[in-house]
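Encoded as structure tokens, the structure appears first; notes follow it.
The values are calculated or read from the model by the stated rules, or taken from the named source; none is laboratory data. Predicted, not measured: the structure shown is a model, and the values here were computed from it. Note that we place each Cβ from the backbone using ideal geometry, even for glycine, and neighbour counts take in every protein chain shown.
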Amino acid sequence: MSGSSTNNYRLIAVGPSILRKKPMQSQLLYGSFCGRNLSKSGSMVGKTDVFWQRLVYQTVRFMGSFQPNEADAMRSLNMLTHFYGVAWIAIFSAVGSNAFGQTPAQVMPLQPAQTPASQTDDWNQWRGPSRDGKLAGLELPTSLNDQQLRKVWSIPLGPSYSGPLVVGDRVYTTQTIGKKLEAVTAHDRNTGDKLWEKQWAGAMSVPFFAKANGDWIRATPAYDTGKLYVAGMRDKLVCLNADNGDLIWELDFPKTMKSKVPAFGYVSSPLIDGNAIYTQAGQAIFKLNKLTGDVLWKAGENGGGMNSAFSSPMIATLAGQRQLVVQTRNELMGLKIDDGDVIWRQKIEAFRGMNIITPTIDGDSIFVSSYGGKTKLFELVASNDGLELKERWTLPAQGYMCTPVVVDGHAYTHLRNQRFACYDLKNGVEKWRTSKFGKYASLIAVGDKILALDQNGTLMLLKTNPDAFELLDKRKVGSDTWAHLALQGNQVFIRGLKELAMFEWIK
């Protein structure tokens, strides 16, 4: 899926609960098992499903019988999946389609998985599986009372602004410990029990005028194929084994790239796509080999220090060209995936470069809203000279830290003035604006509802109604909450400044 750190293919016919037993092995299985999606359509159920489920069950049992390293696991999976593929062809050819009670015309071809994120996808990166704060295939309740949403557990932790990740049976989060250390911890998602912790020296002090927002770790990690990628405050990116926290590689940008330590810390949340990881650090934009940390290209160099990026990158197809879309402190840019060459660029006004929100994509359009600047919509169009960015509309409203969710052509967001607002992306009309709430809110859109977590620790259930602000329910769930909330299945994960909690919908 675009911008997701998960594989672009998944095995639909296999029960996710089986594959989630061991996160690293099951993710490898998802990606390796023939690299395809077994479609279930019409009569392609019953014996066919049992056949595949038994094969996968035996694979999981085989992998569960020992603790391989990743290379061994991949070799084993390749061997097993090759065998299963040959076995399938041989069995089908020998016994014919009547063995499954259907004609050849009824057998659906193997197809890539659909890109929209669903409730079964892991919450594996900044703003969720598709990096847009949206989930499909899930219906939120109509109330947040304790009869429908119960608190299951809560654990104390050091301060952090990083959003939690939920992968398989685990939840990962970061914390700053004292004035010298940073850490990432893995917990059992159902109990909160700590499974492992990895620490490193990395804490720092931000400038005095930013002290109100704290000195603690900020960026949200990313998970991919048994690895956890964590951005530390002092511009250090570490890759850890997600099973046990062992260090695989690290890249200290100031030491390696001779760049300045960012004044406000490493804020940009890394993005994984294919075999690469993209990040805004080291006074530039980098594409790295996700397995080794080797630099593949470097682009968009800036002055660093006070100019280090606040925003996080996106990958999108705009005007027919797949590209990396980044918001630096002063510019919005589109970069070529292969070499980082600039396709287009646009200056974005902001007070002291406070362009914080992630570029919000809708079709060929990009929504931006900056602190001390304005709210605008740009559209990328094809021209005789290549791709051209055109401004479609502008409004005086100022954004802050909240990246909008887009539902049916409308952007729902939270502004610098602490009000929620809705904008019609077609014409820039502000449909409504509320009274004051907290200083920040993170948003997840599910169907016709939005789950919003206010900085004051209030969880809100909103209706996606462009004609009026509809607050269906609200509930106090924490204290100071600046981290993005996470939603996976029927569980809601809330990272308060000093705690992590899990709430569960009661079905």
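Tabulated results
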{"quantity": "Single match in GLU391, GLU379, GLU331, GLU349 (criterion: touching a Phe, Trp or Tyr at 6+ places or on another chain (Cβ under 6 Å), closer than 30 Å to PHE420 by Cβ and of a type in the set (D, E, K, R))", "calculated": "GLU391"}
{"quantity": "Among (1) part of a loop (DSSP other than H, G, I, E, B); (2) within 23 Å of the chain's Cα centre (by Cα); (3) modelled with pLDDT of 95 or more - the single one ASP480 does not satisfy", "calculated": "(3)"}
{"quantity": "Residue match in the range 140-158 (condition: part of a loop (DSSP other than H, G, I, E, B), without any contact (Cβ under 8 Å) to a residue 24 or more places away in the chain and more than 17 Å from VAL492 (Cα to Cα))", "calculated": "no"}
{"quantity": "Members of the range 256-289 that are of a type in the set (Lys, Arg) and either without any contact (Cβ under 8 Å) to a residue 40 or more places away in the chain or farther than 15 Å from ASP338 by Cα (or both)", "calculated": "LYS258, LYS260"}
{"quantity": "Matching residues, the range 387-444, being crowded, with 20+ Cβ neighbours inside 10 Å, under 23 Å from the mean Cα position of the chain (by Cα) and among the small types (Gly, Ala, Ser)", "calculated": "GLY399, ALA411, ALA441, SER442"}
{"quantity": "Test for LEU451: is it in a strand (DSSP E or B), over 17 Å from PHE367 (Cα atoms) and at pLDDT below 95", "calculated": "no"}
{"quantity": "Residues of the range 182-212 satisfying the condition of being without any contact (Cβ under 8 Å) to a residue 12 or more places away in the chain and either within 24 Å of the chain's Cα centre (by Cα) or under 17 Å from TYR172 (Cα atoms) (or both)", "calculated": "ASP193"}
{"quantity": "Selection from the range 208-230 of residues that are under 21 Å from ASP273 (Cα atoms) and not charged (D, E, K, R)", "calculated": "ALA219, THR220, PRO221, ALA222, TYR223, THR225, GLY226, LEU228, TYR229, VAL230"}
{"quantity": "Residue match in the range 373-388 (condition: touching a Ser or Thr at 6+ places or on another chain (Cβ under 7 Å), part of a strand (DSSP E or B) and polar (S, T, N, Q))", "calculated": "yes"}
{"quantity": "Positions within the range 355-366 being part of a strand (DSSP E or B) and surrounded by 22 or more Cβ atoms within 10 Å (Cβ to Cβ), in sequence order", "calculated": "THR360, ILE366"}
{"quantity": "Qualifying positions in the range 131-159 - over 21 Å from ARG475 (Cα atoms) and under 17 Å from the mean Cα position of the chain (by Cα)", "calculated": "ARG131, ASP132, LYS134, LEU135, ALA136"}
{"quantity": "Qualifying residue in the range 202-222 (condition: out of contact with any Cys (no Cβ under 8 Å at 6 or more places or on another chain), surrounded by 24 or more Cβ atoms within 10 Å (Cβ to Cβ) and assigned to a strand (DSSP E or B))", "calculated": "yes"}
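Per-residue answers, yes or no, for (1) modelled with pLDDT of 95 or more; (2) closer than 24 Å to VAL326 by Cα; (3) in contact with a Gly (Cβ under 9 Å, 6 or more places away or on another chain):
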| site | (1), (2), (3) |
| --- | --- |
| ASP385 | no, yes, no |
| CYS402 | yes, yes, no |
| ALA411 | yes, yes, no |
| CYS422 | yes, yes, no |
| GLU430 | yes, no, no |
